[in-house]
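**Q** First the structure, which I've put down as structure tokens, then a few questions once you've had a look.
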Amino acid sequence: MKEITGHTRLTGLLGSPVSHSISPMMHNEAFRQLGLDFVYLAFDVGTDTLEKAVEGLRALNVRGFNLTMPDKNRMSELCDKLSPAAEIIGAVNTVVNDNGIFTGYTTDGIGYMRAVADAGHNIIGKKMTLLGAGGAATAVLVQAALDGVSEISVFSIRDSFFERAERTVAALNERTNCKVTLYDFEDESILRREIGDSAILTNGTSVGMAPNTDRSIITDSTMFHKDLIVSDVIYNPRETKLLKLAKEAGCATFNGLYMLLYQGAEAFKLWTGQDMPVSIIKEKYFS
């Protein structure tokens, strides 16, 4: 590891829990590869102590930091400025400190769209069906709309996220050329219809994530068609039950692993101005 000096800039991750995160390994390896005098640490900080932690980081003049659950929404209220996507979503996963001004970004959606391209697909100008309206799903929704996906059908259960999803959908229909429609997940016939003419189906929920790997958000594989791309924001397990069913139906599939990689790469560039050496990071931590 590169020796820490009096000039070393601090970056890091705030959330709870964070001890399982691959982000410290990923960023510190990238700093090493490029010879940058930075270090990345993980801090277990919940929403109850987030404001104090952020003020401390401001006083310490850190270069920036990432946020994971449960801190993303609260952080959007603590920033001085927000990127357009972070403003629409109301959540922040990356903060950049420029002379004491904290600007909040959301790089999750950028990570997802780069993962789509990495898997060899082009969905610009095409239709997406998106399952879920929580944090990850909303990041995907907003970035896909901003990037030029022509139509997005969002399905959500009527939980605490539904009202927020209504506001997000209204904002996107007003600010982008993407036609976004929110549906109740309970209506299976509408779900089948919307998937039927979609280029890609994306699971933005945690259904199927370890340890509950025997679950799939879609159980009827006749919903799939052979030209459909099926993706999952989950990366543990690498192949969710949804992806397994889709693959058996002849669909192209990919998981959320490279979304994680590329959201980190975007944060890295925001802090350093340099491109993360993703091929090296991919081989070392994502193969």
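**Q** If you check ALA171 against the conditions, is it within 20 Å of ALA85 (Cβ to Cβ), surrounded by fewer than 22 Cβ atoms within 10 Å (Cβ to Cβ) and out of contact with any Cys (no Cβ under 9 Å at 6 or more places or on another chain)?
**A** yes
**Q** Note down all Cβ pairs under 8 Å where the first residue falls in region 228-249 and is within 18 Å of TYR112 (Cβ to Cβ), the second is modelled with pLDDT of 95 or more and among the acidic types (Asp, Glu), and they're at least six residues apart or on different chains.
**A** Within 8 Å, the pairs are THR240/ASP232; LEU242/ASP232; LEU243/ASP232.
**Q** Let me ask something else about it. So, in region 229-253, how many residues would count as being closer than 19 Å to MET128 by Cα and surrounded by fewer than 19 Cβ atoms within 10 Å (Cβ to Cβ)?
**A** Residues meeting the conditions: 4.
**Q** Now for a separate question. Answer with yes or no whether THR49 is closer than 21 Å to ALA137 by Cα, open to solvent by 20 Å² or more (accessible area, probe 1.4 Å) and of a type in the set (S, T, N, Q).
**A** Here the answer is no, as THR49 does not meet what is asked.
**Q** Enumerate the pairs (first residue in region 111-124 and without any contact (Cβ under 8 Å) to a residue 12 or more places away in the chain; second residue anywhere and in a helix (DSSP H, G or I)) with beta-carbon separation below 9 Å, excluding pairs fewer than 6 apart on the same chain, so at least 6 apart or on different chains.
**A** Qualifying pairs under 9 Å: ASN122/VAL116.
**Q** Further question: So TYR105 clears everything in (1) touching a strand residue (DSSP E or B) at 6+ places or on another chain (Cβ under 7 Å); (2) at pLDDT below 95; (3) open to solvent by 20 Å² or more (accessible area, probe 1.4 Å) except one condition, right? Which one?
**A** Unmet for TYR105, out of (1) touching a strand residue (DSSP E or B) at 6+ places or on another chain (Cβ under 7 Å); (2) at pLDDT below 95; (3) open to solvent by 20 Å² or more (accessible area, probe 1.4 Å): (2).
**Q** Continuing with this model, one more query. Let me confirm something: among LEU270, LEU243, LEU172, which residue is closer than 23 Å to GLY125 by Cα and not acidic (Asp, Glu)? Outline the logic, then answer.
**A** Details: LEU270 fails: closer than 23 Å to GLY125 by Cα; LEU243 fails: closer than 23 Å to GLY125 by Cα.
Exactly one of LEU270, LEU243, LEU172 is closer than 23 Å to GLY125 by Cα and not acidic (Asp, Glu), namely LEU172.
Let's see how each residue does on (1) open to solvent by less than 60 Å² (accessible area, probe 1.4 Å); (2) under 25 Å from LEU13 (Cβ atoms):
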position: ALA210; (1), (2): yes, yes
position: SER216; (1), (2): yes, no
position: THR219; (1), (2): no, no
position: ASP227; (1), (2): no, no
position: TYR258; (1), (2): no, yes
position: PRO277; (1), (2): yes, yes
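Listed here are the residues, each with its yes/no results for (1) assigned to a strand (DSSP E or B); (2) closer than 23 Å to GLY111 by Cβ; (3) not hydroxyl-bearing (Ser, Thr, Tyr).
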| site | (1), (2), (3) |
| --- | --- |
| SER198 | no, yes, no |
| LEU201 | yes, yes, yes |
| VAL207 | no, yes, yes |
| LYS226 | no, no, yes |
| ASN236 | no, yes, yes |
| LEU242 | no, yes, yes |
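The values are calculated or read from the model by the stated rules, or taken from the named source; none is laboratory data. This structure is a prediction, so every number in the text was calculated from the model and none was measured. Cβ coordinates were reconstructed from backbone atoms using ideal geometry, including for glycine residues, and neighbour counts include every protein chain displayed. With ligands, DNA and RNA removed, areas are computed over all heavy atoms of the protein, side chains included. Shrake-Rupley method; radii C 1.70, N 1.55, O 1.52, S 1.80 Å.
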